[in-house]
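Okay, structure first, notes after.
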Amino acid sequence: PMAYDNPNQAASSAVQLGTRAEVLPNAPMPDFNATGGPAYGAKYRSGDGGSDLMAILCNTGLPARLDFITAMRSIDHPGIMRLVDTGVVQWPLDNTRYYAFAYQRPLSPRLTHSIDERFQPMSEDAINHYFVTPLIGALMELQRTGIVHHAIRPTNIYWRIGSSTPPQLGDCMSVPAG
């Protein structure tokens, strides 16, 4: 029998994603859910790098932006979540195939969890230095590779106000642009 025949066994087994990553169905990560679907813990298949990955399972029925995968994989910029691998996974919790994206996990929390949420005011100099300038660099890197993000909003930026870690733009691949 296959692992998918037993839901308990299937949920505890890692699911291969592409050639470099495994998704952990028993490790939902709701703080990283995306418009395109829920997030789960993930790890490198080789054991290198620990389990500091997360995967987005595209289960909304909307087409992912597959035409930009190669360009997105080439980006290594601190202001953009690093795409590690992609592919179709056989999801054991409902025995359905989904497209998934594995990213390096952001170092900071979401800037806001709701578009209506307010956050701590900052001086104009601090906003420019710690937020705007690093994001301009990220946007320039996206432009260099021909990608338009199409998902920049406070709920899709990872940053801790007052942190020296630059803000990171979240997922832009799991749903169509627009």
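Tabulated values for the structure
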item	result
Filter result (in contact with a strand residue (DSSP E or B) (Cβ under 9 Å, 6 or more places away or on another chain) and open to solvent by less than 70 Å² (accessible area, probe 1.4 Å)) within the range 105-119	P106, S108, P109, R110, L111, T112
Output for the range 51-69, where each listed residue is out of contact with any helix residue (DSSP H, G or I) (no Cβ under 7 Å at 6 or more places or on another chain), part of a strand (DSSP E or B) and without any contact (Cβ under 8 Å) to a residue 60 or more places away in the chain	L53, A55, L57
Hits in the range 120-142 (condition: open to solvent by 60 Å² or more (accessible area, probe 1.4 Å) and closer than 15 Å to H77 by Cβ)	T133, I136, L139, M140
Failed criterion for F131 (all others in (1) under 17 Å from M81 (Cβ atoms); (2) under 17 Å from the mean Cα position of the chain (by Cα) hold)	(2)
Complete set of residues in the range 143-167 that are touching a residue at least 60 places away in the same chain (Cβ under 8 Å) and either part of a helix (DSSP H, G or I) or open to solvent by less than 30 Å² (accessible area, probe 1.4 Å) (or both)	T145, I147, A151, N156, Y158, P167
Total residues in the range 18-33, condition touching a helix residue (DSSP H, G or I) at 6+ places or on another chain (Cβ under 6 Å) and either modelled with pLDDT under 95 or open to solvent by 60 Å² or more (accessible area, probe 1.4 Å) (or both)	1
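The values are calculated or read from the model by the stated rules, or taken from the named source; none is laboratory data. Just so we're clear, the structure is a prediction, and the values are computed from it rather than from any experiment. Cβ atoms come from the backbone with ideal geometry, glycine included; neighbour counts cover every protein chain shown. Just so you know, the surface numbers come from the protein's heavy atoms only, side chains and all, with ligands and any DNA or RNA stripped out. Shrake-Rupley method; radii C 1.70, N 1.55, O 1.52, S 1.80 Å.
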